[in-house]
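A.B. asks: Before I ask anything, let me first share the structure, which is written out below as structure tokens.
Where a number appears in this text, it was derived from the coordinates with a stated rule and is not lab data. Quantities reported herein were computed from a predicted structural model and do not represent experimental measurements. Every residue, glycine as well, gets a Cβ built from its backbone with ideal geometry; the counts of neighbours run over all protein chains shown.
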There are 2 protein chains.
Amino acid sequence: MTPHAADLDAWLDETREERLADYLEFLCIPSISALPSHADECRRAAEFLADRMRAAGLEHVEVAETEGNPVVYGDWLHAHDAPTILVYGHYDVQPVDPLDLWVKAPFDPRVEDGRVYARGAADDKSNVHAQVQAARAWLANDGRLPVNLKFVFEGEEESGSEHLDRWLADNRRRLAADLAVVSDTGFFEGNVPAITVGLRGIMYAQVDVSGPAIDLHSGGYGGTVRNPATVLCEIVAGLHDADGRVDVPGFYDDVRPLSERDRAEFARLPFDERAYRESLGVDTLWGEAGYTTLERRGGRPTLEVNGIWGGFQGEGAKTIIPAHAHAKISCRLVRDQDPERIFGLVRDRILALAPAGVRVDVTYIHGGSPSLTPVDHPATKAAARSIREVFGVDPVYIREGGSVPVTASFESILGLPVVLLGFTPPDDHAHAPNESMRLDNLELGTRTMTRYWEALAETLLR
Amino acid sequence: MTPHAADLDAWLDETREERLADYLEFLCIPSISALPSHADECRRAAEFLADRMRAAGLEHVEVAETEGNPVVYGDWLHAHDAPTILVYGHYDVQPVDPLDLWVKAPFDPRVEDGRVYARGAADDKSNVHAQVQAARAWLANDGRLPVNLKFVFEGEEESGSEHLDRWLADNRRRLAADLAVVSDTGFFEGNVPAITVGLRGIMYAQVDVSGPAIDLHSGGYGGTVRNPATVLCEIVAGLHDADGRVDVPGFYDDVRPLSERDRAEFARLPFDERAYRESLGVDTLWGEAGYTTLERRGGRPTLEVNGIWGGFQGEGAKTIIPAHAHAKISCRLVRDQDPERIFGLVRDRILALAPAGVRVDVTYIHGGSPSLTPVDHPATKAAARSIREVFGVDPVYIREGGSVPVTASFESILGLPVVLLGFTPPDDHAHAPNESMRLDNLELGTRTMTRYWEALAETLLR
């Protein structure tokens with residue numbers, strides 16, 4: 001450790017309590033981007049973040065309008081002859097239902113046993129907070145940063161990043177950089193430090209099955225008309241074959257088979273299948289035949305039902321044939337699969353499965369492209385060195401199942417290489433009730449970022 | 001028409017407005033028996049009804065306790081040497097969701113174009129009101145009834161009549177009679193007067209599929225665990241074969257094939273398939289191969305999904321694998337099928353369809369036996385004569401798809417023959433939003449009952 005790093009660490013230790021309080025205040029804002037009713041709360045989170053960025057010493061801080069939730073931008077550009085790094089995170093969070101399963105209200109953070117429980121505690125307010133505080137540490141101690149930084153924090157990641165691409169394209173010149181650091185990922189099973197080198201893409205759609213004009217009495221009409229809920233089930237059942245493969249013609253056409261090297265890399269990752277199973281509370285795992293769990297998660301496309309509903313859901317009995325039934329369906333995509341093309345294939349398959357007697361509509365909700373970044377890029381290697389310095393271990397390189405569609409946008413719109421570096425624990429329950437963040441991950445993650453700025457300055461010589 | 005009948009008709013015409021106001025007041029009480037939160041409202045409906053029965057001149061009126069909602073009892077037993085008729089109806093109603101599809105609030109009756117729109121307007125408050133008012137007409141005009149009447153109005157028909165059988169058994173002696181008139185049915189397509197001679201039974205169950213302990217991120221876990229919503233769909237899809245038959249081993253074992261005569265009777269009913277289709281808003285009908293629509297509805301057992309739910313149902317996108325998914329499933333049963341035996345068969349089939357990686361529970365909610373009554377019973381013939389006198393046409397004899405489980409109870413517990421006579425129109429939207437009753441059906445139905453009491457006195461000589 002350099003003397004300089006020791007100074008930054010000491011400053012971080014001294015300000016720990018104050019930074020924790022600030023992070024908890026951030027978590028109190030219910031910035032749920034999927035709910036139009038929460039647009040004001042999203043804006044409040046953006047203003048909060050902009051305020052903290054200004055306080056950290058960042059410049060040109062702006063709550064930039066889009067047609068949806070604003071993008072928060074700020075930079076520090078005085079590191080002459082040093083590389084410029086674009087940092088991405090998001091201040092919006094997932095919806096909170098089912099609310100009754102939360103131990104405490106989702107926007108009333110609970111600190112317990114070294115963790116903070118709240119919606120957004122991990123995904124992604126932890127990483128956003130760590131990035132801003134790492135910059136603050138440098139500016140507070142040295143009055144400078146070793147690299148030029150441009151922060152871009154969006155507010156629609158959890159609802160499809162609908163307006164970000166347009167904003168990126170409109171601001172292409174201002175966003176010029178040497179590298180993008182996307183900070184919306186986490187560590188591997190067992191809380192092993194990790195650098196994500198692959199992300200799946202996503203295609204999210206809704207299926208609506210409509211039958212009779214109104215709910216019908218299941219006595220008077222049962223057995224004489226198509227039941228939309230039954231039809232919906234038959235459609236969903238037709239989307240996988242008996243081997244767990246997605247049964248949609250053309251679905252795998254663009255998927256590159258996993259190479260021997262790919263499979264060897266998956267096999268090298270530490271993975272305790274039994275512990276994984278037990279942590280999920282299931283008696284057996286399941287997936288596409290012929291692949292391991294990690295391959296299924298990181299290297300193969302999938303199709304999942306995210307929600308389904310129709311007819312009577314209350315206590316007791318109501319004897320109706322529902323007039324309509326619905327499902328939310330999404331696919332995770334791997335490299336070379338295109339979300340819109342996949343939507344077309346899934347829609348066609350669903351329509352082919354639809355019988356006469358009902359109307360079936362399939363609507364595209366959002367999509368994001370998959371991405372893969374090289375393990376041997378100098379910026380990836382620098383991230384690995386910074387992690388080793390702080391955590392004392394080498395990171396693993398993982399291909400994650402989730403999607404950060406902006407990664408593909410940075411590559412395609414801004415032409416930037418991307419490093420995916422975030423610090424959330426694997427058991428964070430992101431998107432579920434009682435989401436949590438480990439406070440040591442937050443602290444050591446912040447510390448890692450202070451090192452990483454310096455490592456990038458040394459690596460990416462201009 | 002006898003001079004006496006003319007007096008009763010005149011009295012009914014004079015009191016029409018007042019009786020309508022009373023019926024509307026009855027409809028304002030939200031007596032939803034499926035919701036435990038509405039127990040007080042059910043009791044309020046029972047007290048209202050008891051009050052009106054006393055006002056009509058009935059005796060021994062009592063709001064009789066059960067372990068659930070009370071039974072309302074009242075009688076008039078001074079017709080010496082005349083038969084005794086047990087009259088059944090129910091004052092409870094179905095739930096009202098989806099509430100947003102109602103033109104006006106379901107318990108704020110709307111009178112328009114000769115109809116009353118409200119939950120319970122048809123099923124079954126119309127028939128209950130008609131029965132009480134028909135007795136009142138006699139007692140107000142003659143100070144007597146031509147038969148002895150025992151009214152039994154229950155408050156749990158829409159939630160399975162759970163406590164009625166016990167109450168009937170406990171009151172067997174008090175309920176001794178010559179005939180039961182069950183008034184919870186209606187007219188045939190085209191509003192053709194009808195006497196129901198067959199009713200299907202019912203078996204209602206809930207299916208619960210549980211997977212991971214919590215909702216999981218569909219990116220991080222998609223493709224690695226069984227998705228409970230997908231499994232539920234696969235189970236439901238496995239409950240019918242390609243010919244629309246219920247694919248449950250043993251399901252049809254006790255079903256008697258329709259005889260040539262049965263099929264001829266179904267074929268004789270007036271039925272405009274195109275008008276039926278159009279009234280339902282579907283482009284084609286569907287059902288078990290080899291049967292007509294009326295046979296499917298009245299003469300064959302079915303299995304329907306009444307509701308389904310699991311995971312995210314909101315606007316936009318939430319990327320989860322739901323921890324659990326649920327369905328309400330019910331079967332309509334025909335003569336000789338036993339609800340509990342059918343439950344066992346359906347449960348076994350569902351459990352056989354359940355894969356490893358999820359837990360599946362199947363719970364019996366309620367059941368009721370099917371029934372068939374003879375067309376040539378003297379009480380059926382007397383009902384036909386009364387209908388002809390009032391409506392000017394012969395009734396049709398129908399086997400209905402719905403269930404009135406109490407019919408089987410009257411037969412088995414009290415040993416009574418049963419006539420099913422009610423006056424709701426076929427397009428009443430019972431159980432659906434904007435349920436309605438035709439006011440002329442209500443008036444002429446009330447008039448028919450005044451005739452029927454007299455016809456029974458002449459027919460069922462003691």
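A.B. asks: Can you run phi through the Karplus equation (6.51, -1.76, 1.60; θ = phi - 60°) for the stretch B:291-304 and list ³J(HN,Hα) in whole Hz, with x for Gly and Pro?
C.D. replies: For the stretch B:291-304, the Karplus-derived couplings read 10, 7, 4, 5, 5, 4, 7, x, x, 10, x, 9, 9, 10 Hz, x marking Gly and Pro.
A.B. asks: Pairs of alpha-carbon atoms within less than 8 angstrom and 6+ residues apart define the contacts here; what relative contact order does chain A have, in percent?
C.D. replies: Computed value for chain A: 26 percent relative contact order.
A.B. asks: Please return the longest range in chain A lying between exposed loop sites, taking GluC sites (Glu not before Pro), DSSP loop only, at most 14 other beta-carbon atoms within 10 Å, and leaving the sites out.
C.D. replies: Longest stretch, sites excluded: A:68-314.
A.B. asks: Across peptide B:327-334, how many C-beta atoms of other chains are within 10 Å of each residue C-beta, on average?
C.D. replies: 5
A.B. asks: So which trypsin sites (Lys or Arg not before Pro) in the stretch A:11-109 end up in coil per DSSP with only 15 or fewer other C-beta atoms within 10 Å?
C.D. replies: Here the trypsin sites (Lys or Arg not before Pro) that fit, given the DSSP loop and packing criteria, are A:K104.
A.B. asks: Sticking with this structure for a sec: How long are the semi-axes of the equivalent ellipsoid of the stretch B:125-236, defined as square roots of 5 times the Cα gyration tensor eigenvalues? Whole Å, largest first.
C.D. replies: Largest first, the stretch B:125-236 gives 50, 19, 13 Å.
A.B. asks: In the structure displayed, which of B:K150/B:K381; A:K150/B:K318; A:K318/B:K381; A:K104/A:K328; A:K318/B:K104 lie more than 25 Å apart, Cα to Cα?
C.D. replies: As for pairs spanning more than 25 Å Cα to Cα, those are A:K150/B:K318; A:K318/B:K381; A:K104/A:K328.
A.B. asks: Return one number: the angle in degrees, 0 to 90 and rounded to the nearest 10, between the long axis of the Cα atoms of helix A:125-142 and the longest principal axis of the Cα atoms of chain A.
C.D. replies: Between the helix axis and the principal axis of chain A, the angle is about 10 degrees.
A.B. asks: With angles folded into 0 to 90 degrees, how steeply does helix B:378-391 sit against the dominant principal axis of chain B? Use alpha carbons for both and round to 10.
C.D. replies: The helix B:378-391 is inclined about 80 degrees to chain B.
A.B. asks: Given the stretch B:80-157, what whole percent of its Cα pairs are spread farther than 15 Å?
C.D. replies: 66
A.B. asks: Check which residues have an amide H placed less than 5 Å from B:S33's amide H, if you skip close sequence neighbours.
C.D. replies: Sorted by chain and number, the residues that satisfy this are B:V93.
A.B. asks: With n ≥ 4 as the cut-off for DSSP H runs, can you work out [θ] at 222 nm for chain A, using -39500 (n - 2.57) per run divided by the number of residues, rounded to the nearest 500?
C.D. replies: The helix-only estimate for chain A comes to -11000 deg cm²/dmol at 222 nm.
A.B. asks: On to the next question. For chain B, what's the radius of gyration and Dmax over Cα atoms, in angstrom?
C.D. replies: 23.3, 82
A.B. asks: Through the Karplus equation 6.51 cos²θ - 1.76 cosθ + 1.60, θ set to phi - 60°, convert the phi angles of the stretch A:266-271 into ³J(HN,Hα) values in whole Hz; use x for Gly and Pro.
C.D. replies: For the stretch A:266-271, the Karplus-derived couplings read 4, 5, 6, 5, x, 7 Hz, x marking Gly and Pro.
A.B. asks: Hey, got the Cα dimensions of the stretch B:334-457 along the principal axes, in Å, largest first?
C.D. replies: 64, 37, 21
A.B. asks: Could you grab the relative contact order for the stretch B:69-228? Cα pairs under 8 Å, six or more apart, rounded to a whole percent.
C.D. replies: In percent, rounded to a whole number, it is 34.
A.B. asks: Where the eigenvalues come from the Cα gyration tensor of the stretch B:266-334, what are the semi-axes √(5λ) of the equivalent ellipsoid, largest first, in whole Å?
C.D. replies: 35, 17, 8
A.B. asks: Shifting gears a bit: I need the phi-derived Karplus couplings for the stretch B:345-359: 6.51 cos²θ - 1.76 cosθ + 1.60, θ = phi - 60°, integer Hz, Gly and Pro marked x.
C.D. replies: Going residue by residue, I get 5, 5, 4, 4, 5, 5, 5, 5, 7, 6, x, 5, x, 9, 10 Hz, with x marking Gly and Pro.
A.B. asks: Same structure again: Place the label 7 angstrom along Cα→C-beta at A:E59 and in each other copy, then list the distances from the first to the rest in nm, shortest first.
C.D. replies: Spacings between copies for this position, smallest first, are 10.2 nm.
A.B. asks: Quick check on the stretch B:245-378: what are the equivalent-ellipsoid semi-axes from the Cα gyration tensor, as sqrt(5λ), descending, whole Å?
C.D. replies: Value: 34, 22, 13 Å, ordered largest first.
A.B. asks: Given 5 Å bins starting at zero, what is the percent of C-alpha pairs of the stretch A:6-52 in each, up to the one with the largest pair distance?
C.D. replies: 5, 21, 20, 17, 13, 10, 8, 5, 2, 0
A.B. asks: Measuring from a point 7 Å out along Cα→Cβ, what nm distances, shortest first, does B:E260 have to its partners in the other copies?
C.D. replies: 7.6
A.B. asks: Please report B:I32, A:I365 as a ranked list, fewest other C-beta atoms within 10 angstrom at the top and most at the bottom.
C.D. replies: Fewest to most other Cβ atoms nearby, the residues stand as A:I365, B:I32.
A.B. asks: Which value, in debye to the nearest 20, describes the size of the charge dipole of the stretch B:28-116 about its Cα centre when Lys and Arg Cβ atoms bear +1, Asp and Glu Cβ atoms bear -1, and nothing else is charged?
C.D. replies: I would put it at about 240 debye.
A.B. asks: Find the Cα radius of gyration of the stretch A:150-195, compare it with 2.2 N^0.38 Å by division, and give the number to two decimals.
C.D. replies: Taking N as the residue count of the stretch A:150-195, the ratio is 1.48.
A.B. asks: Let me ask something else about it. Could you work out the local net charge near B:H324, counting Lys and Arg as +1, Asp and Glu as -1, over the other residues with Cβ closer than 12 Å to its Cβ?
C.D. replies: Local net charge: -1.
A.B. asks: OK, next. How big, on average over all directions, is the shadow cast by the Cα convex hull of the protein assembly as shown, in nm²?
C.D. replies: 40.0
A.B. asks: For A:L101, place a label point 7 Å out from Cα along the Cα→Cβ vector, do the same in each other copy, and report the separations in nm, one decimal, smallest first.
C.D. replies: List, nearest first: 2.8 nm.
A.B. asks: Looking at the square roots a ≥ b ≥ c of the eigenvalues of the Cα gyration tensor of the stretch B:43-199, which shape do they give, rounded for a/c under 1.5, prolate if a/b is larger than b/c, or oblate?
C.D. replies: Cα axes put the stretch B:43-199 in the prolate bin.
A.B. asks: Hey, another quick one. Normalised by the empirical 2.2 N^0.38 Å for globular proteins, what value does the Cα Rg of the stretch B:186-230 take?
C.D. replies: Rg over 2.2 N^0.38 Å, computed on Cα atoms: 2.45.
A.B. asks: Restricting to Cα pairs below 8 Å that are 6+ residues apart, what does the relative contact order work out to for the stretch B:1-62? Please round to a whole percent.
C.D. replies: The normalised contact order for the stretch B:1-62 reaches 19 percent.
A.B. asks: With angles folded into 0 to 90 degrees, how steeply does helix B:228-237 sit against the dominant principal axis of chain B? Use alpha carbons for both and round to 10.
C.D. replies: 60
A.B. asks: Here is a further query. Would you compute the Debye intensity of the stretch B:1-136 from its alpha-carbon atoms alone, equal scatterers and no solvent, and pass along log10 I(q)/I(0) at q = 0.17, 0.19 Å⁻¹ to two decimals?
C.D. replies: -0.99, -1.17
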